[in-house]
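Just so you know, all these numbers are worked out from the coordinates, no wet-lab data involved. Remember, it's a predicted structure, so these values are computed and weren't measured experimentally. Here the Cβ is made from the backbone with ideal geometry for all residues, glycine too, and neighbour counts use every protein chain on show.
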Amino acid sequence: GLGSAKHGVGHWLAQRFSAIALLILIVWFVFLILKVAVNSEYTIINVLSSPVHAILFIALIGTVLYHGTLGIQVVMEDYISCNFTKNAGVFFTRAFSVLTFIAFLVAVINFHVNHYVILHDNNYQYNKKQIIEKIEKEKT
């Protein structure tokens, strides 16, 4: 059955599915980092400029925040007896996760907009040296 509380199956399933998604996304992320570390032609800027990698990176961060929020919620519901404190804790945990995800999403979009300008201004190619020179010139 549903246990003594008569609910919670959806929460349990969400934790399991987000854990499976995390396993897949973390394997992708480890391979991505190894690709950057081993191959000198790749930089993290070049790799993350790919829309596919950017979407997967957003999915990774979103899944980490979602899975963490679910876990913290379970701990709060199980170990905090005062309903007001419990509900406030759950609310602020969710709010923190949503705001963090929005900030990360804005950062990724900003990265792509600025990276596109750097790479396509004056016909720049995906070249680390040229990107660094362009950024250094803008600083002065």
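Would you kindly state how much longer the chain becomes between LYS137 and MET76 on full extension, computed as 0.36 nm times their sequence separation minus their alpha carbon distance, in nm to one decimal?
Values: separation 61, 0.36 × 61 = 21.96 nm, distance 5.08 nm.
Taking LYS137 through MET76 to full extension adds about 16.9 nm, to one decimal.
Hey, any idea what Rg/Rh is for the range 26-116, computing Rh the Kirkwood way over Cα pairs? Before the final figure, lay out the partial values.
Values: Rg = 17.4 Å, Rh = 15.2 Å.
Result: Rg/Rh = 1.14.
Note down the net charge around ALA14, summing +1 for each Lys or Arg and -1 for each Asp or Glu among other residues with Cβ under 15 Å from its Cβ.
Numbers: positive: ARG16, ARG94; negative: GLU77.
Spelling it out: positives minus negatives among the neighbours equals +1.
Just grab the label-to-label distance for TRP12 and SER50, each label 7 Å out from Cα along the Cβ direction, in nm (one decimal).
Taking the simple label geometry, TRP12 and SER50 are separated by 3.9 nm.
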